[in-house]
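J.: First the structure, which I've put down as structure tokens, then a few questions once you've had a look.
The values are calculated or read from the model by the stated rules, or taken from the named source; none is laboratory data. Just so it is clear, the structure is predicted and the values come from calculations on it, not from any experiment. For neighbour counting, all protein chains shown are included, and Cβ atoms are generated from backbone atoms with ideal geometry for every residue, glycine included. Accessible surface areas use protein heavy atoms only, side chains included; no ligands, DNA or RNA. Shrake-Rupley method; radii C 1.70, N 1.55, O 1.52, S 1.80 Å.
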Amino acid sequence: MKKIFILIIITFLNSCGYTSLYEEMKSDLKINVISMEGDFEINNFIKNNFKISSNKDSSKIHDIAFESKYKKIVLAKNATGEATDYNLEMIVKFIITSSDNKELEFKENFKIKKNSDNFEQSNYEKDIKRNFSEIVEEKLILNLIKISDN
């Protein structure tokens with residue numbers, strides 16, 4: 001009885017035909033990066049994300065210029081004056097020139113504790129920058145989908 005029940009559930013779940021509308025809309029955009037300013041590493045992450053998610057054959061083309069700012073702010077220090085906690089903040093301002101110079105700004109921040117190993121700290125911050133870039137890219141794509149639908 002359990003085997004039959006599991007087989008029926010698997011059959012219904014496999015043949016339900018679910019596809020994500022967001023993924024279909026996302027794959028129907030072409031994003032051209034006109035210019036970049038600011039943090040080199042963040043800019044490269046964002047530009048590479050656009051290359052991966054853009055469809056070269058799409059009719060919905062968006063020309064974009066952007067500027068990124070990255071700040072590492074000391075939140076707390078220990079008794080010797082060494083920083084122990086940081087707030088990492090990224091602000092990216094996009095100018096979409098293909099739709100009457102519309103401007104969008106996204107801000108992300110994350111609090112971290114200082115690691116005793118500088119190499120590990122550097123890699124961790126790089127991962128955070130990469131994650132910030134992916135979040136900002138997804139937010140921009142959602143806004144571009146809205147612009148394309150109007």
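J.: Exactly one condition in (1) polar (S, T, N, Q); (2) in contact with a strand residue (DSSP E or B) (Cβ under 6 Å, 6 or more places away or on another chain); (3) closer than 23 Å to ILE145 by Cβ is not met by SER53; state its number.
T.: Of (1) polar (S, T, N, Q); (2) in contact with a strand residue (DSSP E or B) (Cβ under 6 Å, 6 or more places away or on another chain); (3) closer than 23 Å to ILE145 by Cβ, only one is false for SER53: (2).
J.: Moving on. Counting only residues that are at pLDDT below 90 and under 15 Å from SER148 (Cβ atoms), which one in the stretch 98-111 is least open to solvent (accessible area, probe 1.4 Å)? So that I can check it myself, show each step before the final result.
T.: Pass one, the stretch 98-111, residues at pLDDT below 90: 98-102.
Restricting the remaining residues to those that are under 15 Å from SER148 (Cβ atoms) gives 98-100, 102.
Values: SER98: 55, SER99: 29, ASP100: 147, LYS102: 86 Å².
Ranking the qualifying residues of the stretch 98-111, first place goes to SER99.
J.: With respect to LYS114, is the statement that it is basic (Lys, Arg) and surrounded by 13 or more Cβ atoms within 10 Å (Cβ to Cβ) true?
T.: Numbers: basic (Lys, Arg): yes; surrounded by 13 or more Cβ atoms within 10 Å (Cβ to Cβ): yes.
It is true that LYS114 is basic (Lys, Arg) and surrounded by 13 or more Cβ atoms within 10 Å (Cβ to Cβ).
J.: Can you report the number of residues in the stretch 40-51 which are open to solvent by less than 70 Å² (accessible area, probe 1.4 Å) and more than 13 Å from the chain's Cα centre (by Cα)?
T.: Number satisfying all stated conditions: 1.
J.: Can you pull out every residue in the stretch 61-90 that is among the hydrophobic types (A, V, I, L, M, F, W, C) and within 30 Å of ASP28 (Cβ to Cβ)? Reasoning before the result, please.
T.: From the stretch 61-90, those among the hydrophobic types (A, V, I, L, M, F, W, C) are 61, 64-66, 73-76, 79, 83, 88, 90; that's our starting set.
Residues satisfying the conditions are ILE61, ILE64, ALA65, PHE66, MET90.
Conditions tested, residue by residue: (1) under 19 Å from LYS126 (Cα atoms); (2) open to solvent by less than 90 Å² (accessible area, probe 1.4 Å); (3) polar (S, T, N, Q).
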| residue | (1), (2), (3) |
| --- | --- |
| SER53 | no, yes, yes |
| ASP57 | no, no, no |
| LYS60 | no, yes, no |
| ASP63 | no, yes, no |
| ASN78 | no, yes, yes |
| TYR86 | yes, yes, no |
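J.: Among the numbered conditions (1) within 29 Å of ASP28 (Cα to Cα); (2) within 21 Å of the chain's Cα centre (by Cα); (3) at pLDDT below 95, tell me where LYS93 comes up short.
T.: Going through the list (1) within 29 Å of ASP28 (Cα to Cα); (2) within 21 Å of the chain's Cα centre (by Cα); (3) at pLDDT below 95, LYS93 breaks only (3).
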